[in-house]
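The structure under discussion appears below in the form of structure tokens.
The values are calculated or read from the model by the stated rules, or taken from the named source; none is laboratory data. Being a predicted model, the structure only gives us computed values, none of them experimental. Cβ placement follows ideal geometry from the backbone for every residue including glycine, while neighbour counts extend to all protein chains displayed.
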Amino acid sequence: MSLSLPIIEPSVFYSFPGTPLVPRALTELPPLSPKSTKSSQTTRDQRRDIRLLHDLGWSYKQIHDYLLFHPEYYQIRYAYRALQATPKKKSGRRPVLTQAQIEDLVFFVYASS
């Protein structure tokens, strides 16, 4: 059984010097992330975008220049080395009400109206 592979035209790909080939459609897209506020922490979506571009073979400099919020070197490194894009839950004060108490309150409000 012979498996034939499709022929891909070279003009479909674009490569930055020293990086693997990237489909041209990905280089023609607008930047992926909106400009963030003055926060030193990246959002889940921003980390997802960083991981995607890094997996495509983009360098830290290319990622920094491409994304609107211009992540710092350490933010790119952290986003790529993290096992998942979702951050750890922040420590802090626990909620006053439990989930069961919240559901009881919602039920009470709906029943009384």
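Being at pLDDT below 90, touching a strand residue (DSSP E or B) at 6+ places or on another chain (Cβ under 8 Å) and surrounded by 11 or more Cβ atoms within 10 Å (Cβ to Cβ) narrows it down to one residue among T43, T27; which is it?
On the way: T43 fails: touching a strand residue (DSSP E or B) at 6+ places or on another chain (Cβ under 8 Å).
Matching residue, one of T43, T27: T27.
If you scan the stretch 54-105, which residues turn out to be hydroxyl-bearing (S, T, Y) and loosely packed, with under 14 Cβ neighbours inside 10 Å?
Here is the first cut: in the stretch 54-105, the residues hydroxyl-bearing (S, T, Y) are 59-60, 66, 73-74, 78, 80, 86, 91, 98.
Result: Y73, Y74, T86, S91, T98.
How many residues are in a loop (DSSP other than H, G, I, E, B) and among the β-branched types (V, I, T) if we restrict to the stretch 90-113?
Step one: filter the stretch 90-113 for residues in a loop (DSSP other than H, G, I, E, B), giving 90-98, 113.
The next check asks that each one be among the β-branched types (V, I, T); those that pass are 96, 98.
Count: 2.
Would you check which residues across the stretch 83-104 are within 17 Å of S40 (Cα to Cα) and within 17 Å of the chain's Cα centre (by Cα) and list them?
Once the filter is applied, which keeps residues that are within 17 Å of S40 (Cα to Cα) and within 17 Å of the chain's Cα centre (by Cα), the stretch 83-104 yields A85, T86, P87, K88.
So for the stretch 46-63 (the condition being part of a loop (DSSP other than H, G, I, E, B) and among the β-branched types (V, I, T)), does at least one residue qualify? Working first, answer last.
Of the stretch 46-63, the ones part of a loop (DSSP other than H, G, I, E, B) are 56-59.
Next, from what is left, pick out any that are among the β-branched types (V, I, T): none.
No - not one qualifying residue is present in the stretch 46-63.
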